[in-house]
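Here's the structure, in structure tokens; my notes come after.
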């Protein structure tokens with residue numbers, strides 16, 4: 001428990017320091033935020049994590065850190081410090097991966113915030129202790145009601161899309177956190193399956209609609225209305241970039257092991273590249 005408390009404190013301090021740096025330095029913010037083009041085209045995978053330590057403003061940061069503090073204790077107590085860390089970072093990355101999939105054709109889509117990781121911690125605690133009370137604006141609510149309200153706030157965020165917050169990552173992180181908690185503590189599902197299914201089923205359905213048919217949602221996703229899919233030129237550039245990386249890898253292999261080390265597929269790739277003139 002003490003170790004989890006220290007880890008939470010370190011995460012909060014890191015979020016404040018890195019977010020403040022982002023508030024005061026646009027170049028730093030742009031260099032570490034989650035952005036589809038930078039991840040898919042330039043393979044800058046660190047953004048899957050660093051984007052979770054940046055925020056768009058003080059209210060965004062403070063709300064996230066308060067939520068982390070409120071829900072981390074029970075997760076650490078039930079899953080130990082390593083379980084807490086697994087839930088936090090797996091939910092952070094998982095939430096961004098869902099955003100990456102949803103916006104894979106929108107190269108300019110970007111987002112920041114620790115909400116994916118915190119949703120994972122929050123929903124893990126709900127799966128473990130749905131009756132736990134949490135204070136919200138001087139009102140004490142069961143944690144499962146708080147979690148549902150948070151999902152509602154997320155849906156509103158997807159609808160309004162007024163800022164650079166990764167709302168799509170919220171549900172992705174939440175599902176990862178809840179599922180990890182169930183995997184690590186299977187008895188939690190048997191004890192709390194009603195609450196878990198009440199939250200899990202609508203969340204999965206909502207994600208399914210976002211991925212497959214966003215136009216059918218009752219919310220108005222401004223991003224999908226104002227952003228076009230990647231152009232043919234952009235897709236071609238991504239293909240060329242990936243092909244060039246593969247050719248560079250093959251040439252490096254030749255320099256180290258010789259032509260005889262190449263597979264049939266690698267030879268074919270190299271021949272095709274040579275015919276096209278690089």
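Looking only at residues of the range 19-35 that are part of a helix (DSSP H, G or I) and within 19 Å of the chain's Cα centre (by Cα), we find that the one that is nearest to residue 58 (Cα to Cα) is 19.
Does the range 74-86 include one or more residues that are over 30 Å from residue 185 (Cα atoms) and not in a loop (DSSP other than H, G, I, E, B)? Outline the logic, then answer.
Quick first cut of the range 74-86, residues over 30 Å from residue 185 (Cα atoms) only: none.
No: the range 74-86 contains no residue that is over 30 Å from residue 185 (Cα atoms) and not in a loop (DSSP other than H, G, I, E, B).
Kindly indicate whether residue 87 is crowded, with 20+ Cβ neighbours inside 10 Å and farther than 21 Å from residue 151 by Cα. Walk me through it before giving the result.
On the way: crowded, with 20+ Cβ neighbours inside 10 Å: yes; farther than 21 Å from residue 151 by Cα: no.
Taking the combined requirement at face value, the residue does not satisfy it.
For the range 5-18, state whether one or more residues are in contact (Cβ under 8 Å) with a residue 40 or more places away in the chain, closer than 11 Å to residue 113 by Cα and assigned to a helix (DSSP H, G or I). Within the range 5-18, one or more residues are in contact (Cβ under 8 Å) with a residue 40 or more places away in the chain, closer than 11 Å to residue 113 by Cα and assigned to a helix (DSSP H, G or I).
State whether one or more residues within the range 51-63 are assigned to a helix (DSSP H, G or I), touching a strand residue (DSSP E or B) at 6+ places or on another chain (Cβ under 6 Å), assigned by TED's automatic domain parsing to the domain that holds residue 31 and buried (at least 19 other Cβ atoms within 10 Å of the Cβ). Reasoning before the result, please.
Start the filter on the range 51-63 by keeping residues that are assigned to a helix (DSSP H, G or I), which leaves 51-53, 58-63.
Remaining after also requiring touching a strand residue (DSSP E or B) at 6+ places or on another chain (Cβ under 6 Å): 51.
Imposing the further condition that a residue be assigned by TED's automatic domain parsing to the domain that holds residue 31 reduces the set to 51.
Narrowing further to those that are buried (at least 19 other Cβ atoms within 10 Å of the Cβ): 51.
Checked the range 51-63: at least one residue is assigned to a helix (DSSP H, G or I), touching a strand residue (DSSP E or B) at 6+ places or on another chain (Cβ under 6 Å), assigned by TED's automatic domain parsing to the domain that holds residue 31 and buried (at least 19 other Cβ atoms within 10 Å of the Cβ).
Restricting 83, 52 to residues that are within 15 Å of residue 177 (Cα to Cα) and touching a residue at least 12 places away in the same chain (Cβ under 8 Å) narrows the list to 83.
The values are calculated or read from the model by the stated rules, or taken from the named source; none is laboratory data. Just so it is clear, the model here is predicted, and its values are computed rather than measured. Heads up, the Cβs are rebuilt from the backbone with ideal geometry, glycines too, and the neighbour counts pull from every protein chain shown.
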